[in-house]
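The values are calculated or read from the model by the stated rules, or taken from the named source; none is laboratory data. Model, not experiment: these values are computed from the prediction. All Cβ positions, glycine included, derive from the backbone under ideal geometry; neighbour counts span all protein chains shown. Quick note on the areas: whole protein, heavy atoms, side chains included, nothing else; ligands and nucleic acids left out. Shrake-Rupley method; radii C 1.70, N 1.55, O 1.52, S 1.80 Å.
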Amino acid sequence: MNWSPLAVIRTLRASREVQEELAQNNPHMAAALEQEKLEGHRMAFVARTVAMVVIMILLPFLNPNWNVLFYHFFISLYIALGWLQYRYAQVGYSKIELLLIFLDIILLALIFTIPNPFQGEEFPTAMLYRFGNFIYFFLIIALASLAYSWRTVWSAGTWIAAIWLFAAVMVEFFGHKIPQLDQEASKAFEGFPFVEYLLTPNSVNFDIRVQEAVVIILVAGILAIKGYRSNLLVMRQAEIASERANLSRYFPSSLVDSLASTDHDIGAVRSQEVAVLFTDIVGFTQFAERNDPDAVMNLLRDYHAFIEKAIFENKGTLDKYMGDGVMATFGRPQTTDDDA
């Protein structure tokens, strides 16, 4: 198997097209994918709200000042954005959902690169990077993996990386700087160039920012692969549901459950006694000749529904239709004393 990046991308793209085609042609699969996404959104909204409340409680311990309310306001916006994502959740491509995810990332990047206006103390904008706030982006990726497809998770990771690096460039060129702090740091760390590089107040440390961007892309890629595998599992479950639905056309529901749960090979060759029923409509040929096709088909539908109900109620198996004739068996897969 070719594991080159281009081959993997082509495989995932082909798989996406197959999934979309199957979802369109298989109502069980479409329903399963819709239920999976809506349930994922519900879980993501609950998890997001709980996480935001925990962070709101944590912030006063990290920063016991009134200016922490500035961040509480933005956290409240995040909870509202989470509700909107849950409100507009739908299966398939959605511009509204993508816009809300983009707003998530933009808002978080702004919080981490714009100083709190109520801080009171002057300091370089680049100092905001010393707080290690980038880890909160992983929360967005984790929540996206609960609610969105693997493609959206991957897109969110690349958006975060791009926006984070763009924000670093903006801070470098337009952020507030205090040059004398760099001079004092140079004196204080003379002889320790690496320490000076890490702690220089006006430096955004681009290599570290690039490292963060690469790591978030790698994490998004891993979670996207996990989401892709989960999609395959949902599709397989939908196929099983479709197979059970097809079985229910020929077997009573209790027998379908029994066949689905049995550990034995029901396709194995064996000999046994069964009761066979053949039934048809007396005078059907003459009826069909004298009446229009709609009346004939309506009679057949009513007849088939009636005979199916009778067969299934008596634990029989519908073998085949033969025009107005029906063949059914009793005693498959297990025989009983009253099959005949």
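Listed by position, the helices (runs of 4 or more DSSP H) inside the stretch 164-282 whose residues that are farther than 30 Å from F123 by Cα and either modelled with pLDDT under 85 or open to solvent by less than 80 Å² (accessible area, probe 1.4 Å) (or both) number at least 1 are 206-247, 253-261. For the stretch 187-229, taking the residues that are touching a residue at least 12 places away in the same chain (Cβ under 8 Å) and of a type in the set (G, A, S), the one that is nearest to Y129 (Cα to Cα) is identified as S203. Look at the stretch 318-340: where a residue is under 25 Å from Q286 (Cα atoms) and a partner is open to solvent by less than 10 Å² (accessible area, probe 1.4 Å) and not aliphatic (A, V, I, L, M), sitting 6+ places away or on another chain with Cβ atoms under 8 Å, you get A328/G316; A328/T317. Taken over the stretch 57-111, the residue count meeting the criterion of being touching a Gly at 6+ places or on another chain (Cβ under 9 Å) and not aliphatic (A, V, I, L, M) is 3.
Under the condition of being surrounded by 13 or more Cβ atoms within 10 Å (Cβ to Cβ) and in a loop (DSSP other than H, G, I, E, B), the residues counted in the stretch 292-334 number 6.
Test I55 against the stated conditions and say whether it is among the aliphatic types (A, V, I, L, M), part of a helix (DSSP H, G or I) and open to solvent by 40 Å² or more (accessible area, probe 1.4 Å). When the stated conditions are applied, I55 does not pass them. Within the stretch 94-106, does at least one residue satisfy the condition of being surrounded by 13 or more Cβ atoms within 10 Å (Cβ to Cβ), among the aromatic types (F, W, Y) and touching a residue at least 60 places away in the same chain (Cβ under 8 Å)? Within the stretch 94-106, not a single residue is surrounded by 13 or more Cβ atoms within 10 Å (Cβ to Cβ), among the aromatic types (F, W, Y) and touching a residue at least 60 places away in the same chain (Cβ under 8 Å). Here L128 meets each of (1) open to solvent by 80 Å² or more (accessible area, probe 1.4 Å); (2) in contact (Cβ under 8 Å) with a residue 12 or more places away in the chain with one exception, condition (1).
With the structure loaded, tell me whether F112 is assigned to a helix (DSSP H, G or I) and free of Cβ contacts under 8 Å to residues at least 12 places away in the same chain or whether it fails that test. Answer is no for this residue.
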